[in-house]
Amino acid sequence: MLPPWAQRIEDLLRADPTKSAAGLARACGIKGGSVSGWFGKGKPTKMISGDNLVSAAAYLGTTPEYIMTGRQSATPSQSHPVNMDLEMLKSSIVSVKEALRTLGLELDAFKAGVGK
């Protein structure tokens with residue numbers, strides 16, 4: 001029996017004849033054997049990594065949330081924003097900028113006004 005996330009990926013692959021396990025592997029930048037492991041073949045995989053989850057969702061035209069939970073619509077437009085602690089994020093960015101400044105470096109994106 002496959003983990004629920006792997007079953008949803010397999011179901012999405014089967015539902016779209018233009019998609020394949022080989023294409024999914026290419027989209028994730030991994031070997032076909034790794035994708036086979038998701039489906040219980042070869043060396044089984046218990047959990048998909050975050051970067052592969054995002055790449056697989058994009059390739060399959062769905063959301064990472066749907067793959068992992070099955071509770072959301074399978075369309076990317078239905079994805080919801082993450083509840084981020086913006087103050088903590090701001091504090092982290094300031095800390096990184098200060099650390100880079102002590103090294104004589106600067107974040108070009110912030111210098112150019114991106115992220116304001």
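The values are calculated or read from the model by the stated rules, or taken from the named source; none is laboratory data. The model shown is predicted, which means the values in this text are computed figures rather than measured ones. Positions of Cβ are backbone-derived with ideal geometry, glycine not excepted, and every protein chain shown enters the neighbour counts.
In contact with a Phe, Trp or Tyr (Cβ under 6 Å, 6 or more places away or on another chain) and modelled with pLDDT of 95 or more: is that true of L12 in this structure? No; evaluated as a whole, the condition is false for this residue.
For the stretch 49-70, the condition holds for at least one residue, the condition being that it is surrounded by 12 or more Cβ atoms within 10 Å (Cβ to Cβ), of a type in the set (G, A, S) and in contact (Cβ under 8 Å) with a residue 60 or more places away in the chain.
Mind listing whichever residues of the stretch 2-21 are without any contact (Cβ under 8 Å) to a residue 12 or more places away in the chain and farther than 16 Å from I48 by Cβ? R14, A15, P17, T18, S20 - these are the residues of the stretch 2-21 that are without any contact (Cβ under 8 Å) to a residue 12 or more places away in the chain and farther than 16 Å from I48 by Cβ.
Say whether the condition of being outside any loop (DSSP other than H, G, I, E, B) and among the charged types (D, E, K, R) is met by at least one residue in the stretch 35-47. The answer is no, given that none of the residues of the stretch 35-47 is outside any loop (DSSP other than H, G, I, E, B) and among the charged types (D, E, K, R).
Scanning the stretch 9-29 for residues that are surrounded by fewer than 18 Cβ atoms within 10 Å (Cβ to Cβ) and either under 17 Å from the mean Cα position of the chain (by Cα) or not hydroxyl-bearing (S, T, Y) (or both) yields a count of 13. Note on the stretch 30-48: among residues that are more than 24 Å from R71 (Cβ to Cβ) and hydroxyl-bearing (S, T, Y), the one that is surrounded by the fewest Cβ atoms within 10 Å (Cβ to Cβ) is S36. Consider the stretch 27-71 and keep the residues that are in contact with a Gly (Cβ under 9 Å, 6 or more places away or on another chain) and of a type in the set (K, R). The one that is modelled with the highest pLDDT is K41.
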